[in-house]
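The structure appears right after this line, and notes come after that.
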């Protein structure tokens, strides 16, 4: 068996800044402080180096899908003075932060939801309730606090969260069937905890008193027959496709349409076309505070007919560590599922992946060394989700031997993959949603207080590699054209960017302006106590593309 680090999408060979930045070690052993890294990067660069910075402020706050910010429409924030209106009676009001005393002012935006139990959610309009969050300028940056996330009840098996009698919520949804299965049954479609995972034989159920066999998990297989729901009624139409538009479209808000429901669970589609398995009885819809930052790009990029190859590109954000792993950084309004951070170490054995260390899953289940992360014998071509298609086990998705906010280097210090395009948080997120990231991998949950690797509220630096992209696919930002012209950006084209276009640019499908400069969206979600964002810097190294004769 050959030892392997997880294989990540390859970016262009990184400069020194990105090598250390991807490890998030600002000044730690093995890396120099950020300013020295930048100086070294400039000295070692073979191309032209360009940098531009921006300090966050209330002027960056977006109001809606028209791309207008507070700087253009002061009605987006109330009570802040100047041209901003007074906060209406009965609406949210300005408030002071308990720790620090800074003032925050209410936001009225379209980035929230009205909800109705057992029906769904509808996007908000400008309603002057100023109920979508609070913002306020602070020394060297911006303070953002979200309004309370709204929740609506859902019929059994159709929710994304499970609500208990005490009002608490736990996540009850996943993109991975094997994770759904691990929660709801002892049957394993991709075996990894059975006596011999290569045979497909399931585990016996035993009497806890005398260990006698009383059943077998083979009898506990989930019912995978899913019927399409239309207008609140289950039809006879069975789900057979997850291609958006064939039977369902992407849906996060309604439990009456565009959802397929079975006896044990339900399925909806996400914006990226991936299935989302659901087995809960509630749905959460956050009130986002969204920011838009426009940062100037080199003038020579904007000369007609010019094109430049981007050798390296890093985005550096200074902020406080948040309590929510879903605060997004969206360069040119792009998401990037290929940027996934540090994944578990494993051994390659033929077509299988085998764990190399003793560890624990997020729910506390023990993972012995030698556990199968990938069991290729049970890969199911044509299945809805990637875990079944590739034969990846629940252990692969839920082991705590990972860090979504760290990059990975090979033995020669080349970056194999970068961290998630998120503001650094204290939690894992995804299939380990509520667990804080400990200082040391593979500690047994629940973790002791005070061992957080990323303590919420600490000042930090998030750095993402803008050339990190899908394996075998060149990043749309590898060419200057993908930065200055949305019609040359393959991601924006696939999303149908030009709903309100003027020439090659316009508004993205999410209402972000796409211009000839660098356009950055920041989504802050679920940070009720407040997130502090200070500044953002873009570093680029590039060279001219020779014109063809």
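Give me the number: length gained by fully extending residue 528 to residue 471, i.e. 0.36 nm times residue separation minus the C-alpha to C-alpha distance, one decimal in nm.
That works out to 16.9 nm of additional length.
Can you sort 127, 517 so the residue with the fewest Cβ neighbours within 10 Å comes first?
The fewest-first ordering by Cβ neighbours comes to 127, 517.
Which of these values of P(r) over Cα pairs in 20 Å bins from 0, in percent was calculated from the structure shown: (1) 19, 54, 25, 2, 0; (2) 17, 39, 30, 12, 2, 0; (3) 15, 29, 17, 16, 12, 7, 3, 1, 0?
Structure-derived value, by its label: (1).
Using all alpha carbons of segment 214-318, what is the percent of pairwise distances in each 5 Å bin, ordered from the shortest bin to the longest?
Reading upward from the zero bin: 2, 9, 14, 14, 10, 7, 8, 9, 8, 8, 6, 3, 1, 1, 0, 0.
Find how many whole Å separate the alpha carbon centroid of segment 110-178 from the alpha carbon centroid of segment 430-478.
Between the Cα centre of segment 430-478 and that of segment 110-178, the gap is 23 Å.
So how far apart, in nm, are the two label points at residue 148 and residue 249 if each is 7 Å from Cα heading toward Cβ?
Roughly 3.2 nm, to one decimal.
Suppose we keep just the DSSP beta bridges with both residues in the chain; what percent of those would be antiparallel, to 5?
Antiparallel bridges make up about 100 percent of those DSSP assigns within the chain.
Just to confirm my numbers, what's the Cα centroid distance between segment 237-281 and segment 44-75 in Å?
36
By average Cβ neighbour count within 10 Å, what is the ranking of 449-459, 246-256, 275-285 from highest down?
Peptide ranking by packing, descending: 275-285, 246-256, 449-459.
Please report the Cα spread of segment 345-485 along all three principal axes, rounded to whole Å, starting with the longest.
Extents along the principal axes: 49, 44, 34 Å.
Using mean Cβ contacts within 10 Å as the protection proxy, how do 425-438, 209-222 order, highest first?
Top to bottom by mean Cβ count within 10 Å: 425-438, 209-222.
When averaged across all projection directions, what area in nm² does the alpha-carbon convex hull of segment 306-375 cover?
8.9
Got a sec? How would 192, 366 order by Cβ neighbour count within 10 Å, fewest to most?
By the 10 Å Cβ count, ascending, the order reads 366, 192.
Ranking request for peptides 379-386, 66-73, 164-171, 337-344: highest mean number of other beta-carbon atoms within 10 Å first, then the rest in descending order.
Order by mean packing, descending: 337-344, 66-73, 379-386, 164-171.
How would 508, 376 line up from fewest to most surrounding beta-carbon atoms within 10 angstrom?
By the 10 Å Cβ count, ascending: 376, 508.
For residue 509 and residue 444, compute 0.36 nm times the residue count separating them, minus their Cα-Cα distance, and round to one decimal in nm.
Contour length minus the Cα-Cα distance gives 19.1 nm.
What is the distance in Å between the Cα centres of segment 288-314 and segment 331-381?
35
Since every read-out is calculated from the coordinates, none of them should be taken as a lab result. Quick caveat, the model's predicted, so the values are computed rather than measured. Cβ sites come from the backbone with ideal geometry, for glycine too, and all protein chains shown count toward neighbours.
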